[in-house]
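The values are calculated or read from the model by the stated rules, or taken from the named source; none is laboratory data. Being a predicted model, the structure only gives us computed values, none of them experimental. As a convention, Cβ positions derive from the backbone with ideal geometry for all residues, glycine included, and neighbour counts pool all protein chains shown.
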Amino acid sequence: MPKSEYETYLQSDHWRDVKARMRASKYLQRCYVCGSAGPLDLHHKTYKRLGMERLNDLIWLCRECYTDVHQYIREHEGAVLWGAARRLRKSKLSKTGRRVWRAERRRLRQAKRNGGNNGLVQREGR
């Protein structure tokens, strides 16, 4: 698909609906590479089902990591976004960082299961 058609697609109602579905989904809304909470943009891991995306075809990236992913792709012939993101995630997140990120991911998933209060408990009288 030519770049101009893709840019038009990204402005379409369908893409806005896909982004809304992704925001409402069980998928953690953190940068896949660094775990940052935002600002985030939604990107395609693959373009095979463009226009008929499954939510697992998509990935959240912060702008800094998006730039890093594309720099990696330029520097490594044959690299694709999904593979580059996985490589950078592995190199950016130390073992400690991964543990923290995974714990946060578990906490947010549990919060969604418990009604979406992000794990925060309201105290009485406040």
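Going through segment 31-70 one residue at a time, which ones are over 22 Å from HIS14 (Cα atoms), touching a Leu at 6+ places or on another chain (Cβ under 9 Å) and among the charged types (D, E, K, R)?
Within segment 31-70, ARG63, ASP68 qualify.
Which of (1) farther than 26 Å from HIS14 by Cβ; (2) small (Gly, Ala, Ser); (3) surrounded by 13 or more Cβ atoms within 10 Å (Cβ to Cβ) does SER91 not meet, given it meets every other one?
(3)
For LYS92, only one of the following conditions fails: (1) in contact with a strand residue (DSSP E or B) (Cβ under 9 Å, 6 or more places away or on another chain); (2) in contact (Cβ under 8 Å) with a residue 24 or more places away in the chain; (3) among the basic types (Lys, Arg). What is its number?
So the condition that LYS92 fails would be (1).
Could you pull out the residue among LEU61, LEU81 that is within 19 Å of ALA20 (Cβ to Cβ) and either at pLDDT below 85 or buried (at least 17 other Cβ atoms within 10 Å of the Cβ) (or both)? Working first, answer last.
Numbers: LEU81 fails: within 19 Å of ALA20 (Cβ to Cβ).
Exactly one of LEU61, LEU81 is within 19 Å of ALA20 (Cβ to Cβ) and either at pLDDT below 85 or buried (at least 17 other Cβ atoms within 10 Å of the Cβ) (or both), namely LEU61.
Please work out which residue is modelled with the lowest pLDDT, limiting yourself to segment 84-94 and to residues that are in contact with a Phe, Trp or Tyr (Cβ under 9 Å, 6 or more places away or on another chain) and not basic (Lys, Arg).
LEU93
Suppose the filter is over 11 Å from the mean Cα position of the chain (by Cα), part of a loop (DSSP other than H, G, I, E, B) and within 29 Å of ARG113 (Cα to Cα); does LYS48 pass it? Give the derivation first.
Working: over 11 Å from the mean Cα position of the chain (by Cα): yes; part of a loop (DSSP other than H, G, I, E, B): yes; within 29 Å of ARG113 (Cα to Cα): no.
No.
Go through segment 16-41 residue by residue and tally those that are under 24 Å from ARG86 (Cβ atoms) and either free of Cβ contacts under 8 Å to residues at least 24 places away in the same chain or in a loop (DSSP other than H, G, I, E, B) (or both).
Step one: filter segment 16-41 for residues under 24 Å from ARG86 (Cβ atoms), giving 18-19, 21-23, 25-41.
With either free of Cβ contacts under 8 Å to residues at least 24 places away in the same chain or in a loop (DSSP other than H, G, I, E, B) (or both) added as a condition, the list becomes 19, 23, 25-40.
Number of matching residues: 18.
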